[in-house]
1. Only one of (1) open to solvent by less than 30 Å² (accessible area, probe 1.4 Å); (2) in contact with a Phe, Trp or Tyr (Cβ under 8 Å, 6 or more places away or on another chain); (3) over 27 Å from residue 183 (Cβ atoms); (4) polar (S, T, N, Q) is not met by residue 54, so which one is it?
2. If you scan the range 103-135, which residues turn out to be assigned to a loop (DSSP other than H, G, I, E, B) and free of Cβ contacts under 8 Å to residues at least 40 places away in the same chain?
3. Among 239, 291, which is under 30 Å from residue 157 (Cβ atoms) and of a type in the set (D, E, K, R)?
4. Kindly indicate the residue of the range 277-303 that is open to solvent by 10 Å² or more (accessible area, probe 1.4 Å) and aromatic (Phe, Trp, Tyr) and also farthest from residue 77 (Cα to Cα) among those meeting that condition.
5. Is it the case that the range 118-125 has a residue that's over 20 Å from the mean Cα position of the chain (by Cα) and not charged (D, E, K, R)?
6. Restrict the check to the range 83-92 and report whether at least one residue is touching a residue at least 60 places away in the same chain (Cβ under 8 Å), within 16 Å of the ligand (Cβ to nearest atom) and more than 16 Å from the chain's Cα centre (by Cα).
7. Answer with yes or no whether residue 159 is of a type in the set (Val, Ile, Thr), under 17 Å from the mean Cα position of the chain (by Cα) and modelled with pLDDT of 95 or more.
8. Residues that are aliphatic (A, V, I, L, M) and over 30 Å from residue 84 (Cα atoms): list the strands (runs of 3 or more DSSP E) wholly contained in the range 232-336 that include at least 1 such residues.
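The values are calculated or read from the model by the stated rules, or taken from the named source; none is laboratory data. Bear in mind the structure is a predicted one, so any value in this text is a computation, not a measurement. With ideal geometry, Cβ positions are generated from the backbone for all residues, glycine too; neighbour counts draw on all protein chains shown. Ligands, DNA and RNA are excluded from the accessible area calculation, which covers all protein heavy atoms including side chains. Shrake-Rupley method; radii C 1.70, N 1.55, O 1.52, S 1.80 Å.
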Amino acid sequence: MMKSSQIAEYEGQPITAYTIENKSGVQMTVLDYGATWYQLTIPTAEGRQNLLMSFKDVADYTEPSGYPGKIIGRVAGRIGDSQFKLGDRLVTVPANEGTTCLHGGPNGLSTRMWQASATDDTVTLTCDVTEAIDGFPGNLTATVTYQLTDSNQVIIKMTGASDALTVFNPTNHVYWNLNAGDETVLNHQLTIASDSHLELPANKVPTGAVIDNAGTPFDFTTATSLGKAIDGMQVTDEKGFDDVFLIGEHDEAQPVATLSAGAITVEEYSNRNALVVFTTNKFDQSQAFEKTSQPYVGIAMEAQTAPNAISDSAFGDITLAAGTPRTEEIRYAITF
Ligand code: GAL
């Protein structure tokens, strides 16, 4: 079942919300602005419970604040000095965090109005960006499909097609909080299929050094209390996780991350080589979520190719050749 409604406005254009409901009564809502995954609600004895951190006011999605549920691109994460080599060319893209280009820059895919259409189980969104719009080479058509299956899986397919050599490393920036009430995610358990993470200096652009997780708060190889791990991070400036976990070769039938609280479990599947985990360590009332906004109010687990792939091919290849579309997939399986 699908329904759509206009729930806000952006520059005189309506923002439309598309809601799909599956056979178990799970509802997924997607916005055309930012190709945003707005809500995922499950039926409970007390009514609907939203598992995502969603802004109270849909108009807030048009402000650059925290990227909840947004599609991030063309390139997720940070591009140091907003510069990279592409073939023979030194490309400079717009900065939006000091001298760094973060999450596709100031005019990235998360800031665009997308064209949307929906079926009983999918919402498909497309967006054309040119170098004049976002500063990245080539005319790119991005297509994102969100599918909600009857087995309570959300499958996100992100396709890039360009007419010239460019870069494409998209992700979805959804934040989870599996509590029915206002509690933070400190009571959640997290497992990540990762043995190492990247060293990050103060500007968070990876240095290329790889650090073992074993014996550190980064070791989530078995289900671990997020609260305990974050206690172990209080010695850092970040006071929590905003880190790149490397994901090695793995059986694709196995999740890269499993998050649970009470009876609710979310498994994340991806074939990318990194998972950026961000635990909203410094969030405050400036992000007006449905839940009381505070540090650790949510957790984002952004599957992507390691952010330093843009400067070091040892970490992967995010180039997109002309006329050769590439699709990246993230799949979440929910049990409750
Ligand atoms: C994360 C990033 C954080 C922060 C967040 C959005 O992916 O690593 O530093 O920018 O997005 O609030």
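1. Of everything listed in (1) open to solvent by less than 30 Å² (accessible area, probe 1.4 Å); (2) in contact with a Phe, Trp or Tyr (Cβ under 8 Å, 6 or more places away or on another chain); (3) over 27 Å from residue 183 (Cβ atoms); (4) polar (S, T, N, Q), residue 54 misses just condition (3).
2. 104, 105, 107, 108, 130
3. Numbers: 239 fails: under 30 Å from residue 157 (Cβ atoms).
Exactly one of 239, 291 is under 30 Å from residue 157 (Cβ atoms) and of a type in the set (D, E, K, R), namely 291.
4. 296
5. There is at least one residue in the range 118-125 that is over 20 Å from the mean Cα position of the chain (by Cα) and not charged (D, E, K, R).
6. Checking the range 83-92: not a single residue is touching a residue at least 60 places away in the same chain (Cβ under 8 Å), within 16 Å of the ligand (Cβ to nearest atom) and more than 16 Å from the chain's Cα centre (by Cα).
7. Taking the combined requirement at face value, the residue satisfies it.
8. Because the criterion is at least 1 residues that are aliphatic (A, V, I, L, M) and over 30 Å from residue 84 (Cα atoms), the strands (runs of 3 or more DSSP E) in the range 232-336 that meet it are 257-261, 264-270, 326-335.
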